[in-house]
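I have placed the structure first, in the form of structure tokens, so that the comments after it can refer back to it.
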Amino acid sequence: MSELKVGLAGLGTVGAGVVRMLERQKAALAARTGRDIRIVAVAARDRNKDRGLDLSGVRWFEDPVALAVDPEIDVFVELMGGAGDPAKAAVAAALDAGKAVVTANKALLAHCGAELAARAEAAGATLRFEAAVAGGIPIIKTLREALAGNRISRVSGILNGTCNYILTRMADEKLSFDTCLAEAQRLGYAEADPTFDIDGFDTAHKLSLLTSLAFGMRVDAESIYVEGIRSLTLADLEAADDLGYRVKLLGVAVRTDEGIEQRVHPTMVPKHWPIAQVSGVTNAVAVDGDAVALTLVGPGAGGDATASAVVGDLADIASGSGGYAFGAPAQSLAVAERAPMQHHEGGYYIRLSAVNKPGTAATIARRMAERGISLESIVQHRPARNNGDAPATVILITYATTEADVRDAVAAIDADGVIASVPQVIRIEKD
Ligand code: NAP
Ligand code: HSE
């Protein structure tokens, strides 16, 4: 039986998972693909680290770029992470050398996806990245292959396991943000720099890849509106619960008359919606096509789930499956027209810390009314301290309005001097 010889750079959460899965599923993969998929060389930073892996007979490279072009390997698997070098240099070198590449590195692809896809085409090489979006969910293959006949109008979902894990545990167990983040890191869900997770950039990186595949666009993470979950408090999650919602960090790309609206932000979704019930590290991706609408749900992060996607790509390569990285030739991918976030329409949750003085409520209501914003509810909570000067929490829920009007109204209320701290604004998805 012929071999598919793999060079693997990165032996952390995902890399170690891949080594174990290839060993565990060796016979089944050989039976399925007709080839023996074998790791012949690896690279990582610390050669002496105990990884609990049997790497006997596997060559060690100090330099991932040297591994990427090693004549013995057929496929280079990049699981180091980071948008810059050595990940970028190694992937580029492997493609230029005509080697197939598998990567889970959404940061790299979000920044250089178009360039790397063009390099792959020029060299006749295959570039695969199923693990880069939504962990174990096969959404890349679904968009690139299975739904190729659809005109897609929207792709959206929970794309970051760390954030969904944090929001779920905060809401269900009233744990602090920091406690939940530390646990997500311990479980191997978070990025090496977890600010990518909690500030929404990891979701944006993934969304940019989905947008490219769904709408035939050039990958463009820079044009995505991004807000993370750092400012969310237990009070917001409890208020959402009282109002019949759960808060999720969503990535949304929608085809509009003005172009593709791409946004990442915390969103209140009705509790009875299936996506509201997607908990913990689980991700969900919904695709609306003209012929088929579907939602895929599954584990969004972690060693085994992500290794499953990497090994799936390797099995495809072993079976001889090729094709364009983003479903079409890199040069044919259009530059996305960006629909301005200011034109976004929807409901809003606005939490204000209102100065406790006569006329405050009237001022807030007036500023909203001046912009034609219709309020579904307005609730003022008694100040936490029994002190006449302490600010009171005011929570407003709007009917559908525009981002521009909400931002303008909140700025005007701030300028009126009736709020004591930075307002919290969360978009609402409604039935
Ligand atoms: P990780 O646990 O931090 O592992 C990174 C590995 O890369 C380590 O083995 C590290 O070596 C090696 N490495 C880092 N910098 C290197 C360098 N300059 N030269 C050589 N080796 C280097 O990361 P991970 O969680 O496995 O993530 C790997 C990739 O998968 C990232 O792109 C990440 O975004 C992506 N991903 C992760 C998940 C997840 O759930 N964790 C899910 C989907 C995608 P040492 O071990 O010697 O330090
Ligand atoms: N840090 C990422 C997450 C890993 O939590 O979703 C999976 O891409």
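Taken together, THR398, THR402 contain a single residue that is touching a Phe, Trp or Tyr at 6+ places or on another chain (Cβ under 6 Å) and either hydroxyl-bearing (Ser, Thr, Tyr) or at pLDDT 95 or above (or both), which is THR398. Looking across segment 333-342, just one residue is part of a helix (DSSP H, G or I) and either β-branched (Val, Ile, Thr) or open to solvent by 70 Å² or more (accessible area, probe 1.4 Å) (or both), and that is GLN342.
Let's see how each residue does on (1) touching a helix residue (DSSP H, G or I) at 6+ places or on another chain (Cβ under 7 Å); (2) in a loop (DSSP other than H, G, I, E, B); (3) closer than 28 Å to VAL252 by Cα; (4) assigned by TED's automatic domain parsing to the domain that holds PRO266:
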site	(1), (2), (3), (4)
GLY320	no, yes, no, no
ILE350	yes, no, yes, no
ALA361	no, no, no, no
ARG367	yes, no, no, no
ILE397	yes, no, yes, no
ALA404	yes, no, yes, no
ASP408	no, no, yes, no
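Report whether or not TYR324 is part of a loop (DSSP other than H, G, I, E, B) and either assigned by TED's automatic domain parsing to the domain that holds LEU127 or in contact with a helix residue (DSSP H, G or I) (Cβ under 9 Å, 6 or more places away or on another chain) (or both). So TYR324 passes the test. PRO194 passes every criterion in (1) of a type outside the set (A, V, I, L, M, F, W, C); (2) touching a helix residue (DSSP H, G or I) at 6+ places or on another chain (Cβ under 7 Å); (3) open to solvent by 10 Å² or more (accessible area, probe 1.4 Å); (4) away from ligand 1 (no atom under 13 Å from the Cβ) apart from (4). Residues in segment 266-292 that are open to solvent by 40 Å² or more (accessible area, probe 1.4 Å), under 13 Å from THR168 (Cβ atoms) and in a helix (DSSP H, G or I): GLN277 alone.
The rows are residues; the columns are (1) in the same structural domain as GLY98 (by TED's automatic domain parsing); (2) loosely packed, with under 15 Cβ neighbours inside 10 Å; (3) near ligand 1 (Cβ under 8 Å from one of its atoms); (4) at pLDDT 95 or above.
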residue: LEU22; (1), (2), (3), (4): yes, no, no, yes
residue: GLN25; (1), (2), (3), (4): yes, no, no, yes
residue: ARG32; (1), (2), (3), (4): yes, yes, no, yes
residue: ILE37; (1), (2), (3), (4): yes, no, no, yes
residue: VAL40; (1), (2), (3), (4): yes, no, no, yes
residue: ASP46; (1), (2), (3), (4): yes, yes, yes, yes
residue: ARG59; (1), (2), (3), (4): yes, no, no, yes
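Within segment 159-180, the residues that satisfy the criterion of being open to solvent by less than 20 Å² (accessible area, probe 1.4 Å) and either at pLDDT below 95 or more than 9 Å from ligand 2 (Cβ to nearest atom) (or both) are ILE166, LEU167, THR168, MET170, CYS180.
Here GLY81 fulfils each of the conditions (1) over 16 Å from PHE326 (Cα atoms); (2) within 12 Å of ligand 1 (Cβ to nearest atom); (3) surrounded by 22 or more Cβ atoms within 10 Å (Cβ to Cβ) apart from (3). Residues that are closer than 23 Å to ALA90 by Cα and free of Cβ contacts under 8 Å to residues at least 60 places away in the same chain number at least 2 in the following helices (runs of 4 or more DSSP H) confined to segment 1-76: 64-68. Consider segment 87-122 and keep the residues that are buried (at least 20 other Cβ atoms within 10 Å of the Cβ) and assigned to a loop (DSSP other than H, G, I, E, B). The one that is farthest from ligand 1 (Cβ to nearest atom) is LYS99.
Condition (residue is in contact (Cβ under 8 Å) with a residue 12 or more places away in the chain, outside any helix (DSSP H, G or I), within 11 Å of ligand 2 (Cβ to nearest atom) and not acidic (Asp, Glu)) applied to segment 198-221: is it met by at least one residue? Within segment 198-221, none of the residues are in contact (Cβ under 8 Å) with a residue 12 or more places away in the chain, outside any helix (DSSP H, G or I), within 11 Å of ligand 2 (Cβ to nearest atom) and not acidic (Asp, Glu).
The values are calculated or read from the model by the stated rules, or taken from the named source; none is laboratory data. Everything quoted here is computed from the prediction, not taken from an experiment. Cβ: placed from backbone, ideal geometry, glycine included. Neighbour counts: every protein chain shown. In case anyone asks, the SASA skips ligands and DNA or RNA and just uses the protein heavy atoms, side chains included. Shrake-Rupley method; radii C 1.70, N 1.55, O 1.52, S 1.80 Å.
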